[in-house]
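Heads up, the thing below is written out as C-alpha cells.
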Amino acid sequence: MLFSVSTECFYDPKIHEQIPDDAIEVTLEEFQQLSTERNAGKRIVYEGGKLLVMEREPVVVITATIVLAG
C-alpha cells in the first residue's frame with residue numbers, strides 16, 4: 001500500500017494505475033492505523049522521514065452584521 005502526502009490518499013498498486021510521485025510505501029498495519037485516524041478526522045503529514053497523525057486545524061468562521069443608519 002502507498003500513501004501520497006500531496007493528495008492525502010492511499011493507493012494500492014494492484015488497482016491504481018496512476019499513483020502520485022510522492023507516494024511512499026506503508027505496511028498493512030500502518031495503513032490500518034492511519035486509515036482509522038484519518039477517518040476520525042485527523043490529518044496525516046510527512047515530517048522528519050515519518051508519517052505522523054496530527055489534529056486538524058480548527059475552522060474559524062467570522063460573521064459580520066451591517067447596520068444601516070436611517
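Between F31 and E17, how many nm apart are label points set 7 Å from Cα along the C-beta direction?
Distance between label points: 2.1 nm.
Enumerate by residue number the GluC sites (Glu not before Pro) in the chain meeting two conditions: DSSP loop (anything except H, G, I, E, B), and at most 10 other Cβ atoms within 10 Å of the site's Cβ. Present the calculation step by step, with values, prior to reporting the outcome.
Values: sites: E8, E17, E25, E29, E30, E37, E47, E55; in loops: E8, E17, E55.
For GluC sites (Glu not before Pro) across the chain that sit outside H, G, I, E and B with at most 10 neighbouring Cβ atoms in 10 Å, the list reads E17, E55.
From the residues I62, C9, T36, which one has its Cα farthest along the dipole of the chain in the positive direction, the dipole being from +1 and -1 charges on Cβ of Lys/Arg and Asp/Glu about the Cα centre?
Going by the charge dipole, the pick is I62.
Can you pull the percent of the chain's accessible area that's carbon plus sulfur, 1.4 Å probe, other chains left in place?
53 percent
Viscosity 1.567 mPa s, temperature 4 °C: Stokes-Einstein D of the chain from its Kirkwood Cα radius, in µm² per second? Walk me through the numbers on the way to the answer.
Numbers: Rh = 14.4 Å.
For the chosen part, D equals 90 µm²/s.
Please work out the average accessible area per residue across the chain, using the 1.4 Å probe convention, and give it in Å². Don't jump to the answer; show the numbers that get you there.
On the way: 5920 Å² over 70 residues.
I get 85 Å² per residue for the chain.
Where nothing but the Cβ of Lys and Arg (+1) and of Asp and Glu (-1) is charged, how large is the charge dipole of the chain around its Cα centre, in debye to the nearest 20?
320 debye
Angle check, please: helix 28-39 long axis (alpha carbons) against the longest principal axis of the chain (alpha carbons), in degrees 0 to 90, nearest 10.
Long axis of 28-39 versus the principal axis of the chain: about 10 degrees.
If each of V5 and A69 carries a label point 7 Å out from its Cα toward its Cβ, how far apart are those two points in nm?
Distance between label points: 5.4 nm.
The values are calculated or read from the model by the stated rules, or taken from the named source; none is laboratory data. Here the structure is a predicted model, which is why all the values come from computation and not from measurement. Neighbour counts run over all protein chains shown; Cβ positions are idealised from the backbone, glycine included. For accessibility, only protein heavy atoms count, side chains too; no ligands or nucleic acids. Shrake-Rupley method; radii C 1.70, N 1.55, O 1.52, S 1.80 Å.
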